[in-house]
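Read the figures in this text as sums done on the coordinates, not as results from a lab. Model, not experiment: these values are computed from the prediction. FYI the Cβ positions are ideal-geometry reconstructions off the backbone, even for glycines, and counts take in every protein chain you see.
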Amino acid sequence: MKLKWKDSRFDSQLGRAKGLGATGHGVDHWIHQRITAVANLPLMIWLVWSVVHHVAGASYEEFVAWQAQPLNAILMILSVVSVFYHAALGTQVIAEDYIHNEGLKFFKLIGIKLFFSATAIACVFSILKISFVG
Amino acid sequence: MSEQSNKVERPLSPHLQVYRPQMTSVMSILHRATGYALSIGTIMVVWLLIAAASGPEAYAVFAKFAGSNIGLFLLLGWTVALFYHMCNGIRHFFWDMGYLFELKKAFRAGYVVLAMTVILTVWVWYCACPWS
């Protein structure tokens, strides 16, 4: 999330050339997007299958009983972490491509990170609470 | 400074508006659009999990919305978006590995993605229907 006006006079020319590119992150973003995409594929197949068979139309007791099972809790936590990280990376690119006002882009990029971090933590806490307390 | 120079009227090279939309380009922007829609759809998952952790009353509010016409319409939209993004994501994996770049194959894979999106969406909603 390097901004255009960020002063980079402390970087050597070699340092800048060594692969950090225009955003200062090199290929990390691209690689992380692919890794989470690969992880998302089986996780979302599981999630859709679970929603169809266990979640759709479930009563409170039914859903909590299903979600409290260790395997379901683990897969749900993995789904949330992988999908939300993938979503944060994806929406970051959209913001970088379409928002041309540097100030607005700055807040949008911070907002994306805060939103997905907060919602992911909220989900993980909720899943653990259901598993341990009911 | 950049604010100032942006206002200078300079001739611009022709961009998207000079091209006829093609299936490949439309599918490309749809991948982004569905990805963005799905990232908003995460709110539904967050709501479900927090509501279930909070108790029966909060869960009932979620269940009522999810089962309402608006809720079902949104869920249908997110199902289409999920399967499109998933199938087209697999198409992207093939491109990342260096396959399907020939025009014919790129188009053919695109049609497969569109067909699979429809088939999977219909199949899932048929399975999820209480009267199926």
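Descriptive notes on the structure:
- Label-point separation, B:H15 to B:I43 (7 Å along Cα→Cβ), nm: 2.8
- Check: the protein assembly as shown dipole with +1 on Lys, Arg Cβ and -1 on Asp, Glu Cβ, in debye: 760
- When each of B:C127, B:C87 is scored by the number of other beta-carbon atoms lying within 10 Å, the sequence from fewest to most is B:C127, B:C87.
- Helical runs (DSSP H, four residues minimum) scored at -39500 (n - 2.57) apiece and divided by the length of chain B put the mean residue ellipticity at 222 nm at -27000 deg cm²/dmol.
- Gyration tensor verdict on the protein assembly as shown (Cα atoms; rounded if a/c is under 1.5, prolate if a/b is larger than b/c, oblate otherwise): prolate
- If R0 equals 41 Å, the separation of the Cβ atoms of B:W95 and A:I77 corresponds to a calculated FRET efficiency of about 0.85.
- C-alpha long axis of helix B:103-128 to longest principal axis of chain B, angle in °: 10
- Residue-count net charge about B:A63 - beta-carbon cut-off 13 Å; Lys, Arg +1, Asp, Glu -1: -2
- The residue list A:I74, B:G77, B:F94 was ranked by how far each Cα lies along the charge dipole of the protein assembly as shown toward its positive end, using unit charges on Cβ atoms, and B:F94 comes out on top.
- Counting lysine pairs in the protein assembly as shown that sit 8 or more residues apart in sequence, or on different chains, and whose Cα atoms lie under 30 Å apart gives 23.
- Here the spin labels are modelled as points 7 Å beyond Cα on the Cα-Cβ line, and at B:I29 and A:L41 they lie 2.8 nm apart.
- Inter-label distance, B:L103 to B:Y36: 3.0 nm, where each label sits 7 Å from its Cα along the C-beta direction.
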